[in-house]
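Right, one structure below, let's go through it.
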Amino acid sequence: MVLPDHLIRKLARETGMIEPCAEPTSGGVISFGISSYGYDMRVADEFKVYRPQAGQSVDPKKSRPEDFEDFQGSVLLLPPQTFCLGRSVERFRIPRNVITVCTGKSTYARCGVLVNVTPLEPEWEGHVTMQIVNTTPVPVKIYAHEGIAQVLFLQSEQLPQISYADKGGKYQGSQGITLAKT
């Protein structure tokens, strides 16, 4: 079952599933907060912009911190045809009987920006690290502390045999922006 807004509020209050959990907001900002069947999370004001050295390739088994340039500020001007990593303002604590699916907000999608977030598994907790991709041939503005992606919460009547916490997932308790780990 996809969780509606009133159950998201209840879980946020009772389990700390989303902290801080914002009510819906719009008007002059890219909307964020609780939505009909999900939560529009915000991107924090810290980013890691991908700037590889000439001749380098991307290897998910050997993440190179030196290929990223740190940026902090209210507006990131993301260069053309590159990506950055950001993190959610909100900290999530996913209950054992819930999994999430996340998709980028249409406001950014309509400007050629893709947001990639993997599912938040049962009993995962931390700040969400997300990939933000500029597919256009020109720079694009990314606004910190405004909506970036929508998280949909799927609840099961049965508990999984093994949760993310049970298996000691490598991204458990993520703080800040977390690079790829093997």
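The values are calculated or read from the model by the stated rules, or taken from the named source; none is laboratory data. Because the structure is predicted, anything quoted here is derived from the model rather than measured. Backbone-built Cβ (ideal geometry, glycine too); neighbour counts: all protein chains shown.
Listing for the model above:
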| read-out | value |
| --- | --- |
| Complete set of residues in segment 68-102 that are surrounded by fewer than 20 Cβ atoms within 10 Å (Cβ to Cβ) and among the acidic types (Asp, Glu) | 69, 70 |
| Test for residue 100: is it closer than 26 Å to residue 16 by Cα and at pLDDT below 95 | no |
| Test for residue 128: is it farther than 14 Å from residue 177 by Cβ and at pLDDT 95 or above | no |
| So residue 140, is it surrounded by 15 or more Cβ atoms within 10 Å (Cβ to Cβ), touching a helix residue (DSSP H, G or I) at 6+ places or on another chain (Cβ under 9 Å) and over 23 Å from residue 49 (Cα atoms) | no |
| Candidate set: segment 118-128, residues that are buried (at least 20 other Cβ atoms within 10 Å of the Cβ) and assigned to a strand (DSSP E or B); chosen: the one nearest to the chain's Cα centre (by Cα) | 128 |
| Verdict on residue 57 being closer than 15 Å to residue 131 by Cβ, at pLDDT below 95, surrounded by fewer than 18 Cβ atoms within 10 Å (Cβ to Cβ) and of a type in the set (Ser, Thr, Tyr) | no |
| Members of segment 13-34 that are at pLDDT below 95 and of a type in the set (Gly, Ala, Ser) | 26, 27, 28 |
| Hits in segment 1-50 - residues which are of a type outside the set (Ser, Thr, Tyr), under 19 Å from residue 76 (Cβ atoms) and surrounded by 16 or more Cβ atoms within 10 Å (Cβ to Cβ) | 30, 32, 40, 41, 42, 43, 44, 45, 46, 47, 48, 49 |
| Lone unmet requirement of (1) part of a strand (DSSP E or B); (2) surrounded by 14 or more Cβ atoms within 10 Å (Cβ to Cβ); (3) touching a residue at least 60 places away in the same chain (Cβ under 8 Å) for residue 115 | (3) |
| Lone qualifier among 62, 105 - being surrounded by 12 or more Cβ atoms within 10 Å (Cβ to Cβ) and among the basic types (Lys, Arg) | 105 |
| Test: residue in segment 134-154 that is touching a Gly at 6+ places or on another chain (Cβ under 8 Å), of a type in the set (S, T, N, Q) and part of a strand (DSSP E or B) | yes |
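Residue by residue, here is whether (1) under 16 Å from residue 174 (Cα atoms); (2) crowded, with 20+ Cβ neighbours inside 10 Å; (3) touching a Ser or Thr at 6+ places or on another chain (Cβ under 8 Å) holds:
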| site | (1), (2), (3) |
| --- | --- |
| 135 | no, no, no |
| 153 | no, yes, yes |
| 160 | no, no, no |
| 164 | yes, yes, no |
